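I have placed the structure first, in the form of structure tokens, so that the comments after it can refer back to it.
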Amino acid sequence: MSRTIVLLAYPDCQLLDVSGPWQVFASANDLSGRELYRLHLAAEVPGSVATNSGLPLQADTAWSKLSALGPVDTLLVAGGRGVAAQRQRPELLDVLRGQARQVQRLGSICTGAFLLADAGLLDGHQATTHWRHCAQLANDFPKVRVVPDALYVESAGRLTSAGVTAGIDLALSLIEADHGSALAGQVARELVLFLRRPGGQSQFSEVLANQHRASGALRQLLDHLHADPSAPHHLEALADSIGVTPRHLSRLFRQQLATTPGAYLTRLRLEQARLALVASERPPPLDRLARQWRLGGAEQLRRLFQRHYGVSPTLYYQRFGPSAQATTSTTLNNG
């Protein structure tokens, strides 16, 4: 049975909040050879909608005429700079309240969560948004249980996601819930995406988030480290590669990243071990995983996971490995 998916746009919305999920659903149609999803773009009036990038979108449906589409399975609200103006539109909030009583799944991408929250549709639910705006969402709406670093959150039929590309993760999770992991995997491969970035994982890597703080030769060195974290990377060789002394290299790390070369490299390798762990169909032996990423032995890897992620590798795998993703998909499907 075909499901009707509506993405809701408005002037100055984020282009990728619309085009990202749209392409995921459209690719599912193409790869399956069937119209699994009927896609519609809704705006105040049909026609051109200017996005924040300047590239216009073409809406085929008016907000007030959604009932003409028949039963709507999923309604996703885009975010973007224009959300502030839309929050002052009581008629739009009324549309969302009306749709909430009819659609199977109601969700948002990025700051679109503020529109759902203004309409009172997230009260009592867990929700997330772009990390930059989570504090404001929690402050403005104390009845909403904000999850500040999740990629996406499902809460009794309410779907919220973090900024921009997290909408793609959310769309993939819906395809997996509707039609299984095989099709979702095909879509992910076709679009060169990760299939499994579980919603409970952090919106961004702490190491990568700090990378933009580096400049000049140190930034070049970080690019080198990220290209091959499992290489030996001795301090002397790293310093020589950018023409400085080991002492000066350590000073650059402290000044620009507030850490040491060794600590940065350990965290980078731990990130890679974490990704390898959750990508494994079965839990890999910890000693092998530790050796692969030059993190000592199994016990040292356990201590590093506990220190940086607050749980053991075993518990992390249970929460975010493939079996956890399957459980999330079942929850979404039943929601």
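Candidates are the residues of the stretch 55-86 that are among the small types (Gly, Ala, Ser) and more than 19 Å from Gly112 (Cα to Cα); the one that is surrounded by the most Cβ atoms within 10 Å (Cβ to Cβ) is Ser67. Is it true that some residue in the stretch 48-65 is over 19 Å from Asp12 (Cα atoms) and touching a Cys at 6+ places or on another chain (Cβ under 7 Å)? No, the stretch 48-65 has no match at all. Within the stretch 129-136, can one find any residue that is surrounded by fewer than 19 Cβ atoms within 10 Å (Cβ to Cβ), among the basic types (Lys, Arg) and assigned by TED's automatic domain parsing to the domain that holds Gln14? Looking through the stretch 129-136, at least one residue is surrounded by fewer than 19 Cβ atoms within 10 Å (Cβ to Cβ), among the basic types (Lys, Arg) and assigned by TED's automatic domain parsing to the domain that holds Gln14. The requirement of being within 15 Å of Gln14 (Cα to Cα), surrounded by 20 or more Cβ atoms within 10 Å (Cβ to Cβ) and hydroxyl-bearing (Ser, Thr, Tyr) is fulfilled somewhere in the stretch 102-111, by at least one residue. Filtered by the rule that a residue be surrounded by 14 or more Cβ atoms within 10 Å (Cβ to Cβ), touching a Ser or Thr at 6+ places or on another chain (Cβ under 9 Å) and without any contact (Cβ under 8 Å) to a residue 60 or more places away in the chain, the stretch 242-273 gives Ser250, Phe253, Gln256, Thr260, Pro261, Arg269, Gln272. For the stretch 190-207, state whether one or more residues are part of a helix (DSSP H, G or I) and either over 18 Å from the mean Cα position of the chain (by Cα) or at pLDDT 85 or above (or both). Within the stretch 190-207 (the criterion being part of a helix (DSSP H, G or I) and either over 18 Å from the mean Cα position of the chain (by Cα) or at pLDDT 85 or above (or both)), the answer is yes, since at least one residue qualifies. Scan the stretch 76-98 for residues that are of a type outside the set (Asp, Glu) and either within 21 Å of Thr4 (Cβ to Cβ) or outside the structural domain of Leu137 (by TED's automatic domain parsing) (or both) and jot them down. Once the filter is applied, which keeps residues that are of a type outside the set (Asp, Glu) and either within 21 Å of Thr4 (Cβ to Cβ) or outside the structural domain of Leu137 (by TED's automatic domain parsing) (or both), the stretch 76-98 yields Leu76, Val77, Ala78, Leu92, Val95, Leu96, Arg97, Gly98. Of all residues in the stretch 157-168, those that are touching a strand residue (DSSP E or B) at 6+ places or on another chain (Cβ under 9 Å) and in a loop (DSSP other than H, G, I, E, B) total 4. One residue stands out among those in the stretch 16-49 that are touching a Lys or Arg at 6+ places or on another chain (Cβ under 8 Å) and surrounded by fewer than 21 Cβ atoms within 10 Å (Cβ to Cβ): the one that is nearest to Leu76 (Cα to Cα), which is Arg38. For the stretch 308-324, a tally of residues being at pLDDT below 75, closer than 14 Å to Arg282 by Cβ and either among the basic types (Lys, Arg) or part of a helix (DSSP H, G or I) (or both) returns 3.
Here Leu221 fulfils each of the conditions (1) of a type in the set (A, V, I, L, M); (2) under 29 Å from Gly163 (Cα atoms); (3) under 26 Å from the mean Cα position of the chain (by Cα) apart from (3). If you check Leu270, Leu295, Leu275 for being closer than 17 Å to Asp228 by Cβ and either part of a loop (DSSP other than H, G, I, E, B) or not assigned by TED's automatic domain parsing to the domain that holds Ala214 (or both), only one passes: Leu295.
Listed conditions (1) touching a residue at least 40 places away in the same chain (Cβ under 8 Å); (2) surrounded by 19 or more Cβ atoms within 10 Å (Cβ to Cβ) are all met by Asn52, apart from (2). The strands (runs of 3 or more DSSP E) located wholly in the stretch 46-145 that include 2 or more residues which are of a type outside the set (Lys, Arg) and within 19 Å of the chain's Cα centre (by Cα) occupy 74-77, 105-109. Looking at Ala84, is it more than 14 Å from Ser19 (Cα to Cα), at pLDDT 95 or above and of a type in the set (Gly, Ala, Ser)? The answer is yes for Ala84. For the stretch 165-180, filtered to residues that are more than 10 Å from the chain's Cα centre (by Cα) and farther than 12 Å from Gly107 by Cβ, the residue that is surrounded by the fewest Cβ atoms within 10 Å (Cβ to Cβ) is Gly180.
The values are calculated or read from the model by the stated rules, or taken from the named source; none is laboratory data. Values in this document were obtained by computation on a predicted structure and should not be read as measured data. Cβ coordinates were reconstructed from backbone atoms using ideal geometry, including for glycine residues, and neighbour counts include every protein chain displayed.
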